[in-house]
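> Dropping a structure here in structure tokens format, bear with me for questions.
The values are calculated or read from the model by the stated rules, or taken from the named source; none is laboratory data. Fair warning: this is a prediction, and the values are worked out from it, not measured in the lab. Cβ placement follows ideal geometry from the backbone for every residue including glycine, while neighbour counts extend to all protein chains displayed.
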Amino acid sequence: MFLKNKPMWGKKTKLKSSYDVVIIGGGLHSLATAYYLAKEHGVTDIAIIEKNYIGFGGAGRNTAIVRANQRTQHNVPLYKEALDLWPVLTKELDYNLMFNNCGNLNLMHSEAAMKAARMTIATAQFHGVESHLIDAKEAKELVPALNISEDITFPIHGAMFHPPGGVVRHDAVVWGLAKGAAKKGVEIHQQTEALDIGTKNGRISSVTTSRGVINTNQVLISAGGYSAALIYDMMGIKLPISVLTIQAMVTQPLKPVLDHVVSSGAYHCYANQTLKGEIATGAHMDPWPNYTTLNTAHYIKHQAEALSEFLPCLRGVRFMRIWGGLADMTPDMAPIMDGNEQIEGFFMDCGWGYFGFKSCSAVGKYMAQFMATDQCPDMLKPFALKRYEEHKLMGETAALVNYSPDN
Amino acid sequence: MNRLNHLPTLKVDTTDKIAFIYKGKKYYGAKGDTVASALFANGVRIFGRSLKYHRPRGLYSLDGECSNTCMEVDGIPNVRCENTLLKQGMVIKEQNVKGSAENDMMGFLDKMDWAMPAGFYYNVMHKPAMIWPLAMKQIRKAAGLGKISPDYEMPGKFDEVFLNTDVCVIGGGPAGMMAALCAAEKGLRVILMESRPWLGGFFEYRSGVYKDRQTLHDRALHLANEVKAQDNIRLFTHTSAVGTYNNNLITGFQIGKKEDVFDERYIEIRANSVVVAAGCIERPLIFDNNERPGVMQIGCALRMAKTYGQLPGKRCVFSIGHDLGLEAAIELHDLGLSIACIADIREDGQDTVLLKKIADKKIPLLKGWVATKAHGRKIVKKVSISSIDGQISKTFSCDLIVASAGMTPVTGHITVALGTLKYDNHTGFFLPDQMPEKMYAAGRIFGLNDPISIEASGMLAGLKAAHDCERGSTGSLGEIREAEKVMTGLPGPVRGTKLVTAPVKGRKSFICFDEDATIKNIKQAIEKGFDVPELIKRFTATGLGPGQGGIPGHNLPLYVARYQGLPDVSIRPTNVRPPLVPTLISTYAGVNHKMFKTTPMDEMQKKDGGVFRNIGVWQRARYFSDDFSCKKEIENVRNNVGMLDGSTLGKFRLHGPDAVKALERVFVSDMSKLKQGRIKYSAMCNDDGCVIDDGVVVKQGENDYYFTTSTGRAGQTVEWIRYHTRYDGWNFAMVNLTDSLGVINLSGPNARKVLEKIVDIDLSNEAFGFSEYKEFMIADTIPIRAMRLGFVGELSYELHVPASFMKSVWIMLKEAGKEFKIQNFGVEAQNVLRMEKCHIILGQESEQRTNLLDVGLGFLWDRNKAEAKTVGSVALRQAEGDKTRFKLVGFKTENNSRAPRDGALIVDDKVRGYVCTARDSFSLNEAVGMALVEAELSQIGTRLEIYEDECGDDRIYGKVVAMPFYDPEGKRMKM
């Protein structure tokens, strides 16, 4: 702390005319993939191309919640590994990612929800992930601010308590990974826009950017909410992705009052207290596809109505800031990770919806392995694009999801 | 404290005392005081301590720009005392202090800043890893300002209104009032929102000359009276506009007066056009200890005297960069403040009249000078000033420093609505560049300072906004051109100062008060590679505190550009986000509505002991006793007769020449052979072949069909059918009858005997058999559509009754059933009954990836339909023969073990499926259930290993058996 400050992700450098790997997007999945490519596979000649600044998109707009209580066996191990990586990365990167391992409390408001939770919990326990179904009283002991009376719109029947989850400082992950990747030689080019991808003889040959053309044999597009549009524009691949604006907000800072992440499907709301003391809360997606990241009057009001019911003490607290980001939703709410399939040397990592943050560490690791070896690791195989052509959705949600009338 | 009396601008009535409690002791303020002005009058100078360094903080601004005066008021944390009106009996406490704000034991942290450079917490506290959880606990305790108790109950009444208007004007100063008056004169409906409790804005507290002999204050009064006299201006004072959204949707909140029925009220306005005349706040001057209690902005010092009748200090030094500073110095001097010196950042360009007055009053004025350091451990005792180049300096003892670098336009309403700003070198402002559609800026936002110019600009904006509402009329175009011409003849925007910081190193020069971020922190961040303001904001938290960008919003981008030596064109403002004023959650919540639909039988079922649950958009009776296994309800249906309210079912009429085609597009079955009087059970799939809905279809007449959907899908059905026929041009129409018809399900072996008593038609099995449909009247009055169905596996009549007659029919059936002891049954009993019969409920025996074939409904699918292109058929063809898919199976448990819980897994070394519904069946005396399992495990006789949550090493075992479990031949429902 007494040392002179040095640029954390290297000095600004000129864009070279060729790189082994070009990664489009300067978010978490890109940074993590670059980091692991460099660290575990010795691939260091990498350019990350970011139109704005690192962490501009979903990486800086999420509410930083991490957990591994997904629904199916294809997903749980991936998220479990991601969860296990936070302390490891903190050490490796020598950067405090501020993992607050406070546990997640997912409220259930009906018998049907309890049943759904039981399956998720059984799946977690079967895979060695701690998660329990607790009743309303036990939930109240964990979160004294909870309103467990019958007299609210959605009375609380119980909750899924998932102690290994919690909150990680999202910005720190961006900066930490950028620092770690840059240290190993990865070049991060901010304020640089990727414009096109060139192919030659059926494989990737170049990337055109606003600062010149780069020759390369491997390209990864992991540009969060913008991936689907970029992949269509540059590669002509139409993905079953609907992009929607999702909003989140924070209250003014308070002394500790919420010790766990609390979420509720019925109220469509989650809340957790950041280390700075703000109550961060969100969950709502616009009901129609759009790229606006605009806030709506309706939503902040809805959120207030929800919080006033299940965390009524917050009625005395003020909202101070709301913002929007993008969620790129697939029909089965599971991501698309694929490579060398549509065209040799082309990789994609997208469709994360609102799970992109919690998964980034493990995905970076496996995407790096995929790109370095040209072999898809078993962990990623279920997420190939082909599953949609075969009408084999993943069972990540119990109920059908609807973003547009044709799903 | 003796207050200044007889000032025409005063808003306090010192004869009307208001008692309040501060730190446990009783004090008095005057009527009209804010909490802060009352405390100030009682000698309080240190209001709280800062977030990180626990530095003392005092009154700095009056419009809530920072959290300096945030206190706990009546249990509510983070209340901005500087613009919260004092009320009788208020209880006020300090926040974020150990001890008191005066003597805070955490004050030593101010000396520890060397150990806490920007982002220090990212670099320490994780080595070794074990210290982090402990450190985190301390961070959490140290962070946060106010406190709220988990069982806090917010008092007060909160209201909400939703309004519609032609023109909405934000800001009740001279420009806003002019705009409102202009629009109102056109006969338009106008709403005017002003955040202070009174109109007048920039004119209201000033005694300078407006024109001739009229003072600015008098002019403000005059305009305010005109506004109040206009019937078509709806005036909201003490109302902050906090959000501007698409198509000019404006939100805000109003603070209630004593006589109002609300304490705060959420306001949402849909306006045709909007005028933003929100004026300016001051750009803080950055120098060492620039937030020490005793440092105040110009407006704060001046209004403390003019509005609240209190001289803000005894001896004062001004360090300013705007004529308002000179004006304030003159006024405060005349009111008795001793002014040691005025340091004006500007070398030249001051208003000559003001300069002359200052000279006449012999107030020392140094041009090109600026404050560099406030001295005094807790409150200001001295100040150092220097020439801007830092070469010469002087020190004065004083107890007040009036400091301000210039003005900052309040543009949040514009940028939040997606308007853009551009840095303007003349004013030093981020000026409106691209305005949102039908939104106009007016007044000081442009850097105007001349009173006449300000009003003229308001008039112009009002005319433009009005023109937008006149629906194509060009009437006011001429007036607009005229007003534009007038503007060009008036004084334009004034030159702003460019100075960002005094010539200091900046270790204790705060750019953001709320987050204790100094100039040094910003430098550290830039050196670390955080080179754009948005990143610096994140890294140093600048502008992310309770006051948001109020203090650093303007200075941060200016400073970052200057430090990096960037040209003006690259200076971009930081993002401003709603709510533009922090808003209580209870205010946003307003009046919480309950939004559930209830069936016509709601009340009667409640009387009968129904236990209700929210199911989708409905509230339904799930149980009729405390026994949630529903033994009695189930046995009654199996052996006697029961009634269920099925009104939530989706019910639709679909008719027209192309009705069959439309039905066949969405339903998987062949509908062309459907005979009148017969019922067809069918299902709908989505494009993935996944089954999304099931229900029955009946033919009511030629090209006229009636069908039902599941409760959950009813809301989407019409859109679904429309969407999937959108290119066909078919001629058919749909009517959603869900709410206009109720449904009674009369089930059990005695059902016929009960129904016979109230209807005239022949109900014998020969006359009205299973799977048949009939329409008839009860008592020549009530039209009934009746279906012989068997969802629960017994003799059943599903009666579709006009909602208005539901109660009557219900009562008739109850009366008729008395001799059999007819009983209600609820949704859970139905769930068990149908499960025993292996009738599926979508969502329970299916998940989003489950297709029609998986649940065993493949027989419904007609693949040879002529014009079909049935939704999902492509996917279904692909799925045929796919052995990797899940299949729905029935199972019984081994060794009389209990039923597993719903959601339990079917496993071996991995997950192979899961239990959909399983119950200890009273009808069968054993545990049965349905599960979705991998096809491999679906053979009859396969042993299933069932893994429940919390089971440890214990397993339940089951065996796949034939379905259904109960009455496999279906005799009972056909009897």
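> If you go through region A:294-332 one residue at a time, how many are among the aromatic types (Phe, Trp, Tyr) and facing another protein chain (nearest Cβ under 9 Å)? Talk me through it step by step, then tell me what you get.
Narrowing region A:294-332 to residues among the aromatic types (Phe, Trp, Tyr): A:299, A:310, A:319, A:323.
The next check asks that each one be facing another protein chain (nearest Cβ under 9 Å); those that pass are A:319, A:323.
Within region A:294-332, residues that are among the aromatic types (Phe, Trp, Tyr) and facing another protein chain (nearest Cβ under 9 Å) number 2.
> Which members of region A:245-290 meet the condition of being outside any loop (DSSP other than H, G, I, E, B), within 9 Å of another protein chain (Cβ to nearest Cβ) and of a type in the set (S, T, N, Q)?
Result: A:THR251, A:GLN273.
> Right, here's the next one. Regarding A:LYS238, is this residue basic (Lys, Arg) and more than 21 Å from A:ILE197 (Cβ to Cβ)? Outline the logic, then answer.
Details: basic (Lys, Arg): yes; more than 21 Å from A:ILE197 (Cβ to Cβ): no.
It is false that A:LYS238 is basic (Lys, Arg) and more than 21 Å from A:ILE197 (Cβ to Cβ).
> Can you find a residue in region A:148-156 that is modelled with pLDDT of 95 or more, touching a His at 6+ places or on another chain (Cβ under 9 Å) and over 27 Å from B:THR598 (Cα atoms)?
no
> Tell me which residues, restricted to region B:568-580, are more than 14 Å from chain A (Cβ to nearest Cβ) and either at pLDDT 90 or above or buried (at least 16 other Cβ atoms within 10 Å of the Cβ) (or both).
Quick first cut of region B:568-580, residues more than 14 Å from chain A (Cβ to nearest Cβ) only: B:568-569, B:571, B:573.
If the condition is that a residue be more than 14 Å from chain A (Cβ to nearest Cβ) and either at pLDDT 90 or above or buried (at least 16 other Cβ atoms within 10 Å of the Cβ) (or both), then B:ILE571, B:PRO573 are the ones that fit.
> May I ask you to list the residues in region A:166-179 that are more than 9 Å from every other protein chain (Cβ to nearest Cβ) and in a loop (DSSP other than H, G, I, E, B)?
Across region A:166-179, the qualifying residue is only A:VAL168.
> Next up: Can you tell me which residues in region B:747-776 are assigned to a strand (DSSP E or B) and touching an Asp or Glu at 6+ places or on another chain (Cβ under 8 Å)? If you could, list the steps in order and put the result at the bottom.
First pass over region B:747-776, keeping only residues assigned to a strand (DSSP E or B): B:747, B:772-776.
Residues satisfying the conditions are B:SER747, B:PHE776.
> So, one more: Is it fair to say B:ILE615 is closer than 19 Å to B:ALA714 by Cβ and over 43 Å from the mean Cα position of the chain (by Cα)?
Values: closer than 19 Å to B:ALA714 by Cβ: yes; over 43 Å from the mean Cα position of the chain (by Cα): no.
No; evaluated as a whole, the condition is false for this residue.
> Ok, one more. Determine which member of the set A:PRO155, A:PRO163 is within 14 Å of chain B (Cβ to nearest Cβ) and touching a helix residue (DSSP H, G or I) at 6+ places or on another chain (Cβ under 9 Å).
Details: A:PRO163 fails: touching a helix residue (DSSP H, G or I) at 6+ places or on another chain (Cβ under 9 Å).
Of A:PRO155, A:PRO163, the one residue that is within 14 Å of chain B (Cβ to nearest Cβ) and touching a helix residue (DSSP H, G or I) at 6+ places or on another chain (Cβ under 9 Å) is A:PRO155.
> Further, regarding this structure: Since A:ILE148 meets every condition but one in (1) out of contact with any strand residue (DSSP E or B) (no Cβ under 8 Å at 6 or more places or on another chain); (2) in a loop (DSSP other than H, G, I, E, B); (3) among the hydrophobic types (A, V, I, L, M, F, W, C); (4) touching a residue at least 40 places away in the same chain (Cβ under 8 Å), which condition does it not meet?
Here A:ILE148 clears every test but (4).
> Specify which of the listed residues (B:GLY858, B:GLY913) is of a type outside the set (D, E, K, R) and either farther than 30 Å from B:THR725 by Cα or touching a residue at least 40 places away in the same chain (Cβ under 8 Å) (or both).
B:GLY913
> Please find, among B:SER897, B:SER921, the residue that is assigned by TED's automatic domain parsing to the domain that holds B:TYR966 and more than 21 Å from B:GLU845 (Cα to Cα).
Numbers: B:SER921 fails: more than 21 Å from B:GLU845 (Cα to Cα).
Among B:SER897, B:SER921, only B:SER897 is assigned by TED's automatic domain parsing to the domain that holds B:TYR966 and more than 21 Å from B:GLU845 (Cα to Cα).
> Within region B:176-203, how many residues are touching a Ser or Thr at 6+ places or on another chain (Cβ under 7 Å), surrounded by 24 or more Cβ atoms within 10 Å (Cβ to Cβ) and closer than 22 Å to B:ASN83 by Cα?
4
> May I pose another question? Within region B:106-122, which residues are under 35 Å from the mean Cα position of the chain (by Cα) and either more than 9 Å from every other protein chain (Cβ to nearest Cβ) or not in a loop (DSSP other than H, G, I, E, B) (or both)?
Within region B:106-122, B:PHE120, B:TYR121, B:TYR122 meet the criteria.
> Restricting the search to region B:132-155, which residues are touching a strand residue (DSSP E or B) at 6+ places or on another chain (Cβ under 7 Å) and either at positive phi or not β-branched (Val, Ile, Thr) (or both)? Don't jump to the end; show me each part of the working.
Here is the first cut: in region B:132-155, the residues touching a strand residue (DSSP E or B) at 6+ places or on another chain (Cβ under 7 Å) are B:136, B:144-148.
Correct list: B:MET136, B:GLY144, B:LEU145, B:GLY146, B:LYS147.
> Moving to a separate point now. So B:GLY349 passes all but one of these: (1) in a strand (DSSP E or B); (2) modelled with pLDDT under 95. Which condition number does it fail?
Here B:GLY349 clears every test but (1).
Each row is one residue, and each column tells you yes or no for (1) closer than 23 Å to A:LEU307 by Cβ; (2) among the small types (Gly, Ala, Ser); (3) in contact with a Pro (Cβ under 6 Å, 6 or more places away or on another chain); (4) more than 12 Å from chain B (Cβ to nearest Cβ).
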site	(1), (2), (3), (4)
A:GLY58	no, yes, no, yes
A:ASN62	yes, no, no, yes
A:VAL66	yes, no, no, yes
A:ARG71	no, no, no, no
A:PRO77	no, no, no, no
A:ASP94	no, no, no, no
A:GLY103	yes, yes, yes, yes
A:ARG118	no, no, no, no
A:PHE126	no, no, no, no
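> I've got another one for you. Within region B:584-606, identify whether any single residue is over 30 Å from B:GLU160 (Cβ atoms), more than 12 Å from chain A (Cβ to nearest Cβ) and of a type in the set (Asp, Glu), and answer yes or no.
No, region B:584-606 contains no residue that is over 30 Å from B:GLU160 (Cβ atoms), more than 12 Å from chain A (Cβ to nearest Cβ) and of a type in the set (Asp, Glu).
> Would it be correct to say that B:GLY929 is farther than 24 Å from B:MET684 by Cβ, modelled with pLDDT under 95 and either touching an Asp or Glu at 6+ places or on another chain (Cβ under 9 Å) or within 11 Å of chain A (Cβ to nearest Cβ) (or both)? Please lay out each step first, then the result.
Working: farther than 24 Å from B:MET684 by Cβ: yes; modelled with pLDDT under 95: no; either touching an Asp or Glu at 6+ places or on another chain (Cβ under 9 Å) or within 11 Å of chain A (Cβ to nearest Cβ) (or both): yes.
Judged against the criteria, B:GLY929 is not a match.
> Answer yes or no as to whether B:ILE744 is within 45 Å of the chain's Cα centre (by Cα), surrounded by 14 or more Cβ atoms within 10 Å (Cβ to Cβ) and assigned by TED's automatic domain parsing to the domain that holds B:ILE634.
Details: within 45 Å of the chain's Cα centre (by Cα): yes; surrounded by 14 or more Cβ atoms within 10 Å (Cβ to Cβ): yes; assigned by TED's automatic domain parsing to the domain that holds B:ILE634: yes.
Yes, satisfied.
> Exactly one of (1) surrounded by fewer than 16 Cβ atoms within 10 Å (Cβ to Cβ); (2) over 28 Å from B:HIS839 (Cβ atoms); (3) more than 14 Å from chain A (Cβ to nearest Cβ) is unmet by B:TRP730. Its number?
In the conditions (1) surrounded by fewer than 16 Cβ atoms within 10 Å (Cβ to Cβ); (2) over 28 Å from B:HIS839 (Cβ atoms); (3) more than 14 Å from chain A (Cβ to nearest Cβ), B:TRP730 misses (1) alone.
> Can you pull out every residue in region B:299-322 that is of a type in the set (S, T, N, Q) and under 19 Å from B:CYS81 (Cβ atoms)?
B:THR307, B:GLN310
> Give me the strands (runs of 3 or more DSSP E) completely within region B:1-74, filtered to those with at least 1 residues that are within 26 Å of B:GLY547 (Cα to Cα) and within 34 Å of the chain's Cα centre (by Cα), ordered by residue number.
Details: elements: B:13-22, B:25-31, B:70-73.
Passing ranges, in order: B:13-22, B:70-73.
> Counting only residues that are among the small types (Gly, Ala, Ser) and modelled with pLDDT of 95 or more, which one in region A:106-127 is farthest from A:ASN272 (Cα to Cα)? Can you show your working first?
The initial filter retains those residues of region A:106-127 that are among the small types (Gly, Ala, Ser), namely A:110, A:112-113, A:116-117, A:122, A:124.
Right, trim to modelled with pLDDT of 95 or more and you get A:122, A:124.
Values: A:ALA122: 25, A:ALA124: 22 Å.
Filtering region A:106-127 for residues that are among the small types (Gly, Ala, Ser) and modelled with pLDDT of 95 or more, the one farthest from A:ASN272 (Cα to Cα) comes out as A:ALA122.
> Please list, ordered by residue number, the strands (runs of 3 or more DSSP E) wholly in region A:305-407 having 2 or more residues that are modelled with pLDDT of 95 or more and touching a Cys at 6+ places or on another chain (Cβ under 8 Å). Give the steps one after another, and end with the answer.
On the way: elements: A:318-329, A:336-339, A:346-350.
Fully inside region A:305-407 and qualifying: A:336-339.
> Still on this structure: Please tell me if B:GLU268 is within 14 Å of chain A (Cβ to nearest Cβ) and surrounded by fewer than 24 Cβ atoms within 10 Å (Cβ to Cβ). Before you say what the answer is, go through the steps one by one.
Details: within 14 Å of chain A (Cβ to nearest Cβ): yes; surrounded by fewer than 24 Cβ atoms within 10 Å (Cβ to Cβ): yes.
Judged against the criteria, B:GLU268 is a match.
> List every residue pair whose Cβ atoms sit under 7 Å apart, with the two residues 6 or more apart in sequence or on different chains, where the first one lies in region B:726-738 and is assigned to a strand (DSSP E or B) and the second, anywhere, is of a type in the set (Phe, Trp, Tyr).
Close Cβ pairs satisfying both conditions: B:MET734/B:PHE652; B:VAL735/B:PHE652; B:ASN736/B:PHE652.
> Given the structure, is B:GLU948 surrounded by fewer than 19 Cβ atoms within 10 Å (Cβ to Cβ) and either modelled with pLDDT of 95 or more or not polar (S, T, N, Q) (or both)?
On the way: surrounded by fewer than 19 Cβ atoms within 10 Å (Cβ to Cβ): no; either modelled with pLDDT of 95 or more or not polar (S, T, N, Q) (or both): yes.
No, not satisfied.
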